[in-house]
Every structure is written in C-alpha cells, then in structure tokens.
Amino acid sequence: MDLARGLQVFRRTWGSAVGAVMLAGLTACGGGGQSVAPADGTASADAGPVDERAAGGARGAETPVVLTQEQVRQALIDTDSAPDGWEGFGAEIGLPQESLKTCREDSGTQCEGLVALGTSFIRQPASGGQVVFRIYAFGTPGDAESAMDGLAAAERGKAGSRARPLDVRLETDETDAFTGPDTMIVTRLGATLVRVTSEDLPQTVPYADLAELQTTRVRQSAAL
C-alpha cells in the first residue's frame, strides 16, 4: 500500500505530500487536536471566545515549510488519498500567471513571492456537496502571512454577519476558521497556506479532521 492510500482514514496515519504548481519567472509585483462546530455553527461550549488566528500560533513548526511545485502536487488530497466515504479527484495546477491571478482574487493582495498554487476537491456521492482544498506556496513565511491576512478577511467579508467562529486547533503557525452558509479553515505552515472550504455541505462534517489531514500531507511532502 502506498503512502497516499494510507491516508484514507481520518487521523490514523500520516500522508505523503502536497500537489501544486510552480510559478517560474513571476515578478514580485505590486495547534494539536481539533474540534468541530456544533450544529448551530458556534464554537464549542467550553472554548469561550475564540481567537481563531492565534489558536495554533504557539505550536507552529520550527522549520518553515517551503514547498516546490512537485511537493504541492503530491500533497493535495486527491483520488488515491480521499478519506473513506468520499470521492477524490486529481489536483488542478494552473499556469503561472493563472495561479497568480487566482491568488490575488482570493486574497485581495498582490501575492508577492507566490511559488505555486494547487487545488483539489473531494465530495460525498450521496449529498453532492464537496470540500475544496487549496494550497498556496510562497517563498518566505512573511509573504504567506501577508496573503493569509487578506485571504481570511476576504472570506469573512463574503460571509458577513453570518460568519461564526469555529474552534479549530492545528499544529501550525496560525489558523483562522469560521462557519456560516459554508465553512472555511485557512492555516499557515511557514511559507505555505492551506485553505479548506465547504460547498453545499452541513456544518457537522469533520472539517477540522480534513484540515489536519491536508496539513499532515504538507509536512510529509516538505520532508521529501
């Protein structure tokens, strides 16, 4: 059994690596554990007011995670690494300028230092809803942090007053998460951002488990 296939069961084993895209020649133009939102979308009862951005800050990796194109491609959750009960699909890797445009649209920033961007999704056959994974690989942690600020603000802006804090604790440098009409988790590992978003799925889906699975694969890929 290959390493990617071994990641099919939530939280029982570690995965292989991240899928994405190398953006050559771009100019710089201008943690542990998890909890899932209850059915009403609020944070867990014992958590109190949640500072989602700070949830994983003290538990970030000591060595910044900086991924190459191939490492992003390998890490994205796809057909072989989809968890039980989900259908996976191949990673989508855009051309350099397309990826830069996507990053700028997502974050509302210039995405300086973007190296690679990859997207994949998994879905539940019965419901038709899906979870979308997107990995943004940057050259430095500072570039990734700037993009994360914009990305989190943009996603919260879309949800507006319907956004409710979601207590998600990952072993990463920082995490922001909320739930509402859809659920969004964005987390930073060094120079790499991981975004997990839901589309037409209930709040009871274990999104924190899915985010942990994806960040685990990022770490495994970075170690190759």
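Rounded to the nearest 20 debye, the dipole magnitude of the range 129-169 is 300 debye, with +1 charges on Lys and Arg beta carbons, -1 on Asp and Glu beta carbons, and the Cα centre as origin. Using every pair of separate Cα atoms, the Kirkwood estimate puts the hydrodynamic radius of the range 148-209 at 11.8 angstrom. Descending by average beta-carbon neighbour count within 10 Å, the peptides 98-106, 215-223, 157-165, 140-148 line up as 215-223, 140-148, 98-106, 157-165, the highest first.
Length gained on full extension, Arg104 to Thr79: 6.2 nm, using 0.36 nm per residue less the C-alpha separation.
Counting each pair of different Cα atoms once, what's the Kirkwood radius of the range 67-158 in Å, rounded to one decimal?
By the Kirkwood definition, the hydrodynamic radius is 13.9 Å.
The calculated FRET efficiency for Gln124 paired with Arg162, based on their beta-carbon distance and R0 = 25 Å, is about 0.65.
Values in this text are rule-based calculations from the coordinates and carry no lab data. Bear in mind that the values here come from a model prediction, so they are computed numbers and not experimental data. Note that each Cβ is placed from the backbone with ideal geometry, even for glycine, and that neighbours are counted across all protein chains shown.
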